[in-house]
Amino acid sequence: MLTDDVARAVKERLGQLPRRVTLHVFTSEDRVLVPGRDPSPGVRETVQLLQELAGLVDTVSVEVHNLHTDEELAARFGVERAPAIVPVAQGDEGEVDYGIRFYGPPAGYEFGSLLEAIELVAAGSAAATLAVPNSPGVTAGTAKDTLVLSYNDVAGLERVFDTQGEEIAAVIMEPVIGEQTVPATQEFLETARRLTTGSGALLVFDEVVTARLAHGGVQSLRGVTPDLTAFGKIIGGGLPVGAFGGREDVMAVFDTRLPDAVPHHGTYNGNGLTMAAGLASLDLLTGDEIERINGLGGRLADGLREMFQSARHPFRVSQVGSLLLIEAEAADDLADLHRSALLSGVYMAPRGLMCISTPMDEGVVDTVIERMAEAAGRLAV
């Protein structure tokens, strides 16, 4: 049971959520903050819905304090999803040395790949780059174990596997760089799948951002099935969440009934409050709704492009589905637009990212375009 003070705080935190989600959370007290018991219906229902949404995932990781089953194992904050996946790859593949990441902005804390904390250094004539820590908190060992390649560089990926394929535990990538709205080419995805299958490495898709783009994630659109998939953000209904899942034989490394199991424990694993909110949100995110908000993303992108071009403002707009990015040659221009947009009542991320969500409609999109025109009009051309 939530105390009155905690309940009030949580209600304030949930103030921006659809009423259905809020009501679902606060009519699910049997699912909230009860460690050490069997998974509540909310946990099991969320796992089932994730499996349906992902389509290609055999096993989703959901754990409730020391409970393990064949079907579910662990879930915790989204920012921890990638560091949790790496031990899976290393535990599954045995004695291996490297994980491969691609040069592109992560959605959160990733395995040795924070762009702000990693300096990319060309490794001779090879396509691979050495990851060198240039910020506190990233150890030299983490950097040494990470190979960083250019996104969509098919030849570079092939060269690394030709020379170091037996040492690679996993290739970790977003099928679309969600925060730059840059999709992987079909050739790049298929090459990654072919090379990892051939070498025994795992292919891991980070769909924390991109799961919103299709009922089944980007992988369902592109026809390339990874060994593991990471989820987050939208699956928590506004609360902190992360989940990962994949092939049942790979996820079996977490089964503590087996020898040499990889431990994965956490206070918030399988948290009932998050599962209740996530279940309500995922229930609203139908295939038709995804198609609708993807269309709204196109409407917003087209409107902003036309407005920026007609007024000769120095901004570019890229868009994939319900994700949209405004870019500028000069960082100061984007910062100025961000501040001006706030004055006009529009919040976009300081880096220029905008996301369409299910409560929005064409009227909201058109209002955003009008207010962004007002915001851009304050800036010197």
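Values quoted throughout were computed directly from the atomic coordinates according to the rules given, and no laboratory measurement underlies them. All figures in this text were calculated on a predicted structure; none of them were measured in a lab. Here Cβ is always computed from backbone atoms with ideal geometry, including for glycine, and neighbour counts include all displayed protein chains.
Values as computed for the structure displayed
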read-out: Conditions (1) within 24 Å of the chain's Cα centre (by Cα); (2) surrounded by fewer than 13 Cβ atoms within 10 Å (Cβ to Cβ); number of the one not met by residue 362; value: (1)
read-out: Qualifying position, being under 22 Å from residue 217 (Cβ atoms), touching a residue at least 40 places away in the same chain (Cβ under 8 Å) and hydrophobic (A, V, I, L, M, F, W, C), among 251, 307; value: 251
read-out: Unmet requirement for residue 211, which otherwise passes all of (1) surrounded by 24 or more Cβ atoms within 10 Å (Cβ to Cβ); (2) of a type outside the set (Phe, Trp, Tyr); (3) free of Cβ contacts under 8 Å to residues at least 60 places away in the same chain; (4) touching a Gly at 6+ places or on another chain (Cβ under 7 Å); value: (3)
read-out: Any hit, segment 233-255, residues being basic (Lys, Arg) and more than 20 Å from residue 204 (Cβ to Cβ); value: no
read-out: Count of segment 157-189 residues which are in a loop (DSSP other than H, G, I, E, B) and under 22 Å from residue 145 (Cβ atoms); value: 1
read-out: Which listed residue, of 324, 296, is assigned to a strand (DSSP E or B) and surrounded by 19 or more Cβ atoms within 10 Å (Cβ to Cβ); value: 324
read-out: Residue satisfying condition, being surrounded by fewer than 23 Cβ atoms within 10 Å (Cβ to Cβ), farther than 27 Å from residue 268 by Cα and touching a residue at least 24 places away in the same chain (Cβ under 8 Å), within set 197, 185; value: 185
